[in-house]
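Engineer: To start, I am sharing the structure in question, which I have written as structure tokens.
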Amino acid sequence: MKFVSFLTTIILFMAAGQVFAHDHMNSRVADEKAINSLMDDFHDAAAKADQGRYLGYFTRDGVFMGTDDWERWPLNPDFRTYVAERFKDGKGWAYKAVERHIAFSPDAKVAWFDEITTSEKWGLFRGTGVLFKEDQGWTVAHYSMSVLGPNEVWVAVSDLAKAAVKRRNAEKEE
């Protein structure tokens, strides 16, 4: 009889573990779907110059990192001001994700991702970001964008970038 009770207990624990694992996996899939939807809409809002929708995805202390070395834009007030000015004529910037990878903290309250985006005008970029799961859903705490340059052209790209920084620094000294 003790063996049957022991076996029943083991089976119940195994079943509970499977239910927990199944719920955890469903939650992870739902979070990935929510993040993919958020980031796709984030890019769509920028393309449509929808300031409220675009900025609404950021946390209160969110940061946007642009492609230039000086572009570290805290949301308040710097990035809000820049976006308002940039979107005022109904023109934003259009990047569409073609690949995205998402990872989560053990408690699933923080996610980070990397994505490759494409712009008809500018080509390929890499976006990386950190998101927080808040009561209203996922929000962007940090988004960083970098230009992708194939390794075979990197020497030429590097030379152009160094020359541009040198010119900029010389202009500052004048």
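Engineer: In nm, to one decimal, how far is the LEU160 label point from the ASP41 one, both placed 7 Å along Cα→Cβ?
Structural biologist: In this crude label model, LEU160 to ASP41 measures out at 3.7 nm.
Engineer: I would also like to ask the following. Quick one: Cα convex hull volume of the chain, Å³ per residue?
Structural biologist: Each residue corresponds to 174 Å³ of Cα convex hull volume.
Engineer: Can you tally the lysine pairs in the chain where the Cα-Cα distance is under 23 Å and the two residues are eight or more apart, or on different chains?
Structural biologist: Lysine pairs, 8 or more places apart or on different chains, close enough: 14.
Engineer: Project the alpha carbons of the range 68-153 onto their principal axes and report the range along each, largest first, in whole Å.
Structural biologist: Its Cα atoms span 39, 37, 24 Å along the three principal axes.
Engineer: Under a 1.4 Å probe, what is the accessible area of the range 93-146 per residue, stated in Å²? Let's see the in-between values first.
Structural biologist: Details: 3010 Å² over 54 residues.
So the range 93-146 comes to 56 Å² accessible per residue, rounded to a whole number.
The values are calculated or read from the model by the stated rules, or taken from the named source; none is laboratory data. Given the structure is predicted, the values throughout are model-derived calculations rather than measurements. We place every Cβ from the backbone using ideal geometry, glycine too, and count neighbours over all the protein chains shown. What goes into the accessible areas is simple: the full protein's heavy atoms, side chains included, and nothing from ligands, DNA or RNA. Shrake-Rupley method; radii C 1.70, N 1.55, O 1.52, S 1.80 Å.
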